[in-house]
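Below is one structure. I have some questions about it.
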Amino acid sequence: MWSIFHDVVAAGDTYVFGADTPRADALAYWFGPGVTPFVAELDSRIVGMYKFMANRRDRGAHIANASFMVARWCAGRGVGRRMGLHCLREAKRAGFRAMQFNFVVSTNLAAVKLWQSLGFAIVGTVPQAFQHATLGYVDVYVMHRALDDVENGLPEQSSGSGT
Ligand SMILES: CC(C)(COP(=O)(O)OP(=O)(O)OC[C@H]1O[C@@H](n2cnc3c(N)ncnc32)[C@H](O)[C@@H]1OP(=O)(O)O)[C@@H](O)C(=O)NCCC(=O)NCCS
């Protein structure tokens with residue numbers, strides 16, 4: 001999990017963490033209080049991970065927030081989609097009413113397209129909120145999806161590949 005985290009943040013194109021983020025910070029982010037983490041395995045090897053938690057405390061705690069990372073070498077094989085579907089179901093099962101992503105980098109097409117295909121809408125744009133490693137300051141999206149329609153029977157429309 002550490003090597004996936006490190007590789008993803010070192011690229012500087014999707015997460016705010018700097019390339020020199022200490023391992024302890026990554027552990028706190030992924031296993032802190034109130035966080036529910038999962039990994040995706042392929043042939044007994046961890047190829048992806050996600051976590052969800054309450055987006056805010058108390059009166060904002062009915063909305064979930066989640067974070068996803070797939071090993072770079074395994075990107076584009078359906079792992080992200082499988083984890084996304086799993087996350088929606090688990091968050092629903094945990095009692096959340098909706099899911100909100102607070103910081104989707106607008107140039108991160110793989111993420112934006114994936115979340116849109118899973119029913120998320122862009123509900124806000126924060127101008128130039130991310131300092132991209134190669135593109136400079138770029139916009140960030142807030143994305144949201146109600147969980148009303150998420151049940152165990154949520155369509156597995158694209159689950160053909162991956163783990
Ligand atoms: C974003 C991420 C989680 C997607 O996971 P993945 O396993 O690569 O994605 P999948 O193979 O499941 O692809 C699912 C969908 O994403 C979209 N997608 C994936 N890669 C894409 C790309 N390079 N360009 C455009 N769309 C892409 C497509 O809609 C795809 O659907 P399709 O297979 O029907 O075409 C993964 O690439 C990742 O960890 N990136 C770095 C960290 C990150 O950006 N996390 C999310 C922060 S919001």
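Which Rg and Dmax, in Å, describe the Cα atoms of the chain?
Final numbers for Rg and Dmax: 15.2, 42 Å.
I want the local charge near R97. Using Cβ-Cβ distances under 13 Å, sum +1 for each Lys or Arg and -1 for each Asp or Glu among the other residues.
My count for the surroundings of R97 gives +3.
When ligands, DNA and RNA are left out and all protein chains stay put, how many square angstrom of accessible area per residue does the chain have with a 1.4 Å probe?
Accessible area per residue, the chain: 54 Å².
In the chain, what percent of the accessible surface is made up of carbon and sulfur (1.4 Å probe, ligands and nucleic acids excluded)?
51
Given 25 °C and 0.890 mPa s, compute D for the stretch 83-122 with the Stokes-Einstein relation, Rh being the Kirkwood radius over Cα pairs; round to the nearest whole µm²/s.
Diffusion coefficient, whole number: 225 µm²/s.
Students sometimes get this wrong: rank L135, L147 by accessible area, probe 1.4 Å, all chains present, largest first.
So, going from the largest accessible area down, we get L135, L147.
Among Y29, A64, A111, pick out the residue whose Cα is farthest towards the positive end of the charge dipole of the chain, where Lys and Arg carry +1 and Asp and Glu carry -1 on C-beta, about the Cα centre.
A64
Follow-up question, since we're still on this one. Which residues make up the longest stretch of the chain clear of trypsin sites (Lys or Arg not before Pro) that lie in a DSSP loop with no more than 16 other Cβ atoms within 10 Å, not counting the sites?
98-163
For the chain, what is the mean residue ellipticity at 222 nm derived from helices alone (per DSSP H run of n ≥ 4: -39500 (n - 2.57); sum divided by total residues; nearest 500 deg cm²/dmol)?
-8000 deg cm²/dmol
The values are calculated or read from the model by the stated rules, or taken from the named source; none is laboratory data. Worth saying up front: this structure is predicted, and the values here are computed from it rather than measured. Methodologically, a virtual Cβ is constructed for each residue, glycine included, from the backbone with ideal geometry; neighbour enumeration extends over all protein chains shown. Heads up: the accessible areas ignore ligands, DNA and RNA and are worked out on the full protein's heavy atoms, side chains in. Shrake-Rupley method; radii C 1.70, N 1.55, O 1.52, S 1.80 Å.
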